[in-house]
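One structure below.
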Amino acid sequence: SDTEANKSGVTEFILLGFSGSPCFQLFIFILFFIMYSLTILGNFSIILLIITHYCFHVPMYFFLCNLSFLEIWYTTASIPKILAIFLGRSRSVSFMGCMLQMYFIFSFGCTEHFLIAVMAYNQYLAICYPLHYSTFMDVSLCSKLALACWLGGLLIIFIPAYMITRLSFCGHNVINNFYCNMNSWIALSCTDTHFLEITAFFIAIIVIVGSCVITLLSYVYIVSTILHIPSKKGQQKAFSTCSFHLAVVIIWYGSTIFLFVKTFRQTSFERSKVVSIFNLIVVPLLNPFIYTLRNKEVREVLRNALHK
């Protein structure tokens, strides 16, 4: 009935995207399209490279392959709809479509936090315990850790997603963003969202701050070990790799902590849009280049492939 429809809320949402002239919208479309294409191409190339070359069948590249596969889906969950909005196509998205987009963006985001923490821990074992590394990190443990990252990310977001389906929206359906996220649902709801906000805040603390602590502690031990390397050349090589990894980690964690580790009522939507760009587009684009093209082995294999 109409009354029940009003009680449960709305059937579709309108995404505002970025404000600006048609020229600005076109510029943003071209920029996002290029970045999205490079992200897909870069990450797919890494997966292909790792699968087809036996020398990359080691834990570090196994996790990197997972990360690249994840980045493809993480960006695909949001960017095609964003591109359609910038092209002036339909800004509307169905209730279920919006819910699914929010679920996949957040669950893939959580999976990425877990994977980055596992990759940092793997680096820590490789650099700090090189003699025992192969006994610690065998095929079985790698598979279990990767599976735990994927399952953890996909399952943890079920809780707030289910709570969102219980909210009422009373006809408010304009989302001041270019994708469906939790902040927007909370801002639009005309029912009490206090329990949802607390749940989302604790999930953010567990996922973001928890994985950030593991990642940073791993890098503290890595840097400490590097400083004890006797040769200056060895130190420079290790620092060169780690500094680029850390740069990506800082951008990723900085943007996610800004977006999610706070109460949602404090959110400035315009500022959140800008930070979301780093989160949804910049980091997935940087990851393949930072983690692989900084690696001498990968550059060598690519050079040989191009020569052929």
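Values in this text are rule-based calculations from the coordinates and carry no lab data. Since we're looking at a predicted model, the values are computed, not measured. Quick reminder, even Gly has a Cβ in these numbers, built from the backbone with ideal geometry, and neighbours come from all protein chains shown.
Among the helices of the chain, those built from whole DSSP H runs whose Cα atoms reach 24 Å or more along their own axis and whose mean Kyte-Doolittle hydropathy is at least -1.0 are 22-52, 59-76, 95-128, 139-156, 210-227, 232-260. Of the residues Pro288, Pro130, Pro160, the one that moves most in a GNM of the chain with alpha-carbon contacts below 10 Å is Pro130.
A viscosity of 1.567 mPa s and a temperature of 4 °C, combined with the Kirkwood radius over Cα pairs in Stokes-Einstein, give a translational diffusion coefficient for the stretch 55-127 of 91 µm²/s. Assuming R0 = 45 Å, can you tell me the calculated FRET efficiency for the pair Ser231 and Leu147, based on Cβ-Cβ distance, to the nearest 0.05? Rounded to the nearest 0.05, the efficiency is 0.70. Between Ile251 and Phe44, full extension at 0.36 nm per residue minus the direct alpha carbon distance yields a gain of 72.3 nm.
Summed over qualifying helices (DSSP H, 4 residues or more, each -39500 (n - 2.57)) and divided by its residue number, the chain shows a 222 nm mean residue ellipticity of -23500 deg cm²/dmol. Does a label point 7 Å from the Cα of Asp138, set along Cα-to-beta-carbon, have any residues of the stretch 47-77 with amide nitrogen under 20 Å, and which are they? Counting backbone N atoms under 20 Å from the label point, the list is 57-63. Mind running the shape call on the stretch 157-197? Use the C-alpha gyration tensor, a ≥ b ≥ c as the square roots of the eigenvalues: rounded below 1.5 for a/c, prolate if a/b tops b/c, oblate otherwise. Verdict is oblate for the stretch 157-197. For the stretch 1-90, the Kirkwood estimate of the hydrodynamic radius, built from every pair of different alpha carbons, is 16.1 Å.
What do you get for Rg/Rh of the stretch 36-89 when both radii come from the Cα atoms and Rh is the Kirkwood radius? That ratio is 1.15, to two decimals. Annotation: Cα Rg of the chain relative to the compact-globule expectation 2.2 N^0.38 Å equals 1.09. Loop-located trypsin sites (Lys or Arg not before Pro) across the stretch 40-120 with a Cβ neighbour count of 10 or fewer within 10 Å are Arg89, with loop assigned by DSSP.
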